[in-house]
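The values are calculated or read from the model by the stated rules, or taken from the named source; none is laboratory data. The structure displayed is predicted, hence computed values, not measured ones. Note that we place each Cβ from the backbone using ideal geometry, even for glycine, and neighbour counts take in every protein chain shown.
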Amino acid sequence: MRFVVVSFAFFPHTIRPFFEGIVHTMSELALLGGPKGKTKPFPAWPVFDDRERKAINDVLESRAWWREPGTRTETFEREFAAAHGAKHGIAITNGTHAIEVVMAALGIGMGDEVIVPDSTFVATASAVLFAGAMPVMVDITRDTQCIDPALVEAAITPRTKAIIAVHMGGHPADLDRLGEIARANNLTLVEDCAHAHGSEWRGTRVGNFGIAGTFSFQQSKLMTAGEGGVIITNDDDFELKARSAHDCGRLPGEWFYAHFSYGSNYRLSEWQGAILSAQLTRLDEQTAHRHKNARLLDEMLADVPGITPQALDDRCTRNGHYAYIFHYDKNEFAGASTKRFIEAMTAEGVGNQAAYPPVHALAVFQNGAYRKRLCGDQAKDEHPFLEAEYPETARSAWECYWIPQTNLLGDEADIEEIVTVIKKIQANAGDLV
Ligand SMILES: Cc1ncc(COP(=O)(O)O)c(C=O)c1O
């Protein structure tokens, strides 16, 4: 609560003391007219300099603007794979398409099921549907916000072909357990690494634990060309199938108009390949910076009641931190709703990236539209998991705050200001209800 001193000089002497002095008018909170808690701006995103300028100009001058005669996208996919310790990289138009290409290369389709987390961007599930298979949602674990391996195991049916793990906010899913489950049940593990460029599990970069890892380069991601994606893999046979699927069913070295399998045009342009090579030169340093700032936030938030950050598993040796996710307990904030808290944080000048709504509850699943992608029995079957409860996903969707990665690129003062803002909102939370 803020108190404002006003002058009552024009009142007669006798009654002045009654009015003069402290008059309660306004809140400390920026949302309610108080001063902003965040005084200096966070670093701008995307980051670019002469590396990107030169890259774009080189493509322009070369007149090779698409990958067929070009070299830049090919170079980038090699660089990105190498930076992640993988054998192959296939640059793709975006992260959604990258999963679609993986599904195509794995031959996943009619009648199949693929297990996905209920807490993710729709793309993880829609790419499965696009293949004509059914995404089966399971809940996440409370601590890491990633797919719960025990629930994955319970969801396996004779139709299950693959598991897609999403490394939520940059934190790897339990790749040890998921790998064991996949091996024991003859399933393929795919890693959706859209949030996790540079993240590591036991010292190995994500994307190397299943048949393939898919990444996104959409504007908000950890490196960007506005849009874009890549698949990494260590499997030669899979690589050839995915490369073919992403290029209209062509095969490397064969005639341009020979098409050997069903595929489509998922090729990334030379502009994007060139920019991404430049962006990649900063990834390591930016990842280390975000990881360090996130640990600082962990420390500084440890004594703030009602704020529980996403846990850092001991086996996660580096978290790329697409976001700094924390659970918000309104009971420690005078009962102010998550929505109100988000409004207050945003007004104070801290970034907010909306958490994902539960996938099973999206209109496309609830109104039955998804069935148009399925065939045979599967199109008519009951899908009881669409009516199930996903308590941890719900908690994540409606009671969590996501500080975007760009805020983590700030300096120590930025991190301190984030914590000051949270404490300020807590101290004045009564004004929000
Ligand atoms: C977890 C996850 N998977 C896949 C995607 C799809 O990536 P894109 O937007 O590049 O298609 C996103 C993008 O937001 C994502 O967050």
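Hey, which of the helices (runs of 4 or more DSSP H) in region 356-431, taking only ones fully inside, have at least 2 residues that are in contact with a Gly (Cβ under 6 Å, 6 or more places away or on another chain) and modelled with pLDDT of 95 or more?
Working: elements: 363-366, 376-380, 391-399, 405-408, 412-427.
The helices (runs of 4 or more DSSP H) meeting that bar are 412-427.
Name every residue in region 309-354 that is within 16 Å of the chain's Cα centre (by Cα) and over 20 Å from residue 293 (Cα atoms), in order of residue number.
354
Between a first residue in region 135-164 that is closer than 17 Å to residue 184 by Cβ and in contact (Cβ under 8 Å) with a residue 60 or more places away in the chain and a second residue that is part of a loop (DSSP other than H, G, I, E, B) and among the hydroxyl-bearing types (Ser, Thr, Tyr), which pairs have beta carbons less than 7 Å apart while being 6 or more apart in sequence or on different chains?
If the second residue must be part of a loop (DSSP other than H, G, I, E, B) and among the hydroxyl-bearing types (Ser, Thr, Tyr), the pairs left are 148/141.
Identify the single condition in (1) away from the ligand (no atom under 16 Å from the Cβ); (2) closer than 30 Å to residue 428 by Cβ that residue 45 does not satisfy, given that it satisfies every other one.
Condition not satisfied by residue 45: (1).
Considering region 207-229 alone, what residues qualify as being within 10 Å of the ligand (Cβ to nearest atom) and under 17 Å from residue 127 (Cβ atoms)?
214, 215, 216, 217, 218, 221, 227, 228, 229
With the structure loaded, tell me whether residue 346 is over 24 Å from residue 34 (Cα atoms), of a type in the set (Val, Ile, Thr) and at pLDDT 95 or above or whether it fails that test. Let's see the steps before the verdict.
Working: over 24 Å from residue 34 (Cα atoms): no; of a type in the set (Val, Ile, Thr): yes; at pLDDT 95 or above: yes.
No; evaluated as a whole, the condition is false for this residue.
Determine, yes or no, whether residue 204 is in contact with a strand residue (DSSP E or B) (Cβ under 9 Å, 6 or more places away or on another chain) and more than 16 Å from the ligand (Cβ to nearest atom).
Working: in contact with a strand residue (DSSP E or B) (Cβ under 9 Å, 6 or more places away or on another chain): no; more than 16 Å from the ligand (Cβ to nearest atom): yes.
Spelling it out, it is not the case that residue 204 is in contact with a strand residue (DSSP E or B) (Cβ under 9 Å, 6 or more places away or on another chain) and more than 16 Å from the ligand (Cβ to nearest atom).
Identify the single condition in (1) within 16 Å of the ligand (Cβ to nearest atom); (2) in contact (Cβ under 8 Å) with a residue 60 or more places away in the chain that residue 193 does not satisfy, given that it satisfies every other one.
Condition (2) is where residue 193 drops out.
Tell me yes or no: at least one residue of region 357-376 is closer than 30 Å to residue 108 by Cβ, of a type in the set (S, T, N, Q) and either surrounded by fewer than 18 Cβ atoms within 10 Å (Cβ to Cβ) or within 24 Å of the chain's Cα centre (by Cα) (or both).
To start, the set of residues in region 357-376 that are closer than 30 Å to residue 108 by Cβ comprises 357-376.
Checking the rest, the ones that are also of a type in the set (S, T, N, Q) come to 366-367.
After this cut, where a residue has to be either surrounded by fewer than 18 Cβ atoms within 10 Å (Cβ to Cβ) or within 24 Å of the chain's Cα centre (by Cα) (or both) as well, the list is 366-367.
Looking for residues that are closer than 30 Å to residue 108 by Cβ, of a type in the set (S, T, N, Q) and either surrounded by fewer than 18 Cβ atoms within 10 Å (Cβ to Cβ) or within 24 Å of the chain's Cα centre (by Cα) (or both), one finds at least one in region 357-376, hence yes.
Look through region 82-109, keep the residues that are among the small types (Gly, Ala, Ser) and surrounded by fewer than 24 Cβ atoms within 10 Å (Cβ to Cβ), and return whichever of them is farthest from residue 230 (Cα to Cα).
Pass one, region 82-109, residues among the small types (Gly, Ala, Ser): 82-83, 85-86, 89, 91, 95, 98, 104-105, 107, 109.
Checking which are surrounded by fewer than 24 Cβ atoms within 10 Å (Cβ to Cβ) leaves us with 82-83, 85-86, 107, 109.
Details: 82: 13, 83: 13, 85: 14, 86: 12, 107: 19, 109: 22 Å.
Result: 109.
Within region 310-356, track down each residue that is farther than 28 Å from residue 286 by Cβ, touching a strand residue (DSSP E or B) at 6+ places or on another chain (Cβ under 8 Å) and either within 16 Å of the ligand (Cβ to nearest atom) or of a type in the set (S, T, N, Q) (or both).
338
If I ask for residues that are under 15 Å from residue 269 (Cβ atoms) and among the β-branched types (Val, Ile, Thr), which ones from region 48-101 would you list?
56, 59, 71, 73, 75, 90, 92, 93, listed by residue number.
Return the residues of region 275-309 that are in contact with a strand residue (DSSP E or B) (Cβ under 7 Å, 6 or more places away or on another chain) and hydrophobic (A, V, I, L, M, F, W, C); say none if nothing qualifies. Break it down into steps so the answer makes sense when it comes.
Restricting attention to region 275-309, the residues satisfying the condition of being in contact with a strand residue (DSSP E or B) (Cβ under 7 Å, 6 or more places away or on another chain) are 287, 291, 294, 297-298, 301, 306-309.
Hits for region 275-309 are 294, 297, 301, 307.
Name the single residue that is surrounded by the most Cβ atoms within 10 Å (Cβ to Cβ) among those in region 176-187 being without any contact (Cβ under 8 Å) to a residue 40 or more places away in the chain and assigned to a helix (DSSP H, G or I).
Within region 176-187, the match that is surrounded by the most Cβ atoms within 10 Å (Cβ to Cβ) is 178.
So which residues in region 283-309 are more than 11 Å from residue 319 (Cβ to Cβ) and hydrophobic (A, V, I, L, M, F, W, C)?
The answer is 283, 296, 297, 300, 301, 302, 304, 307.
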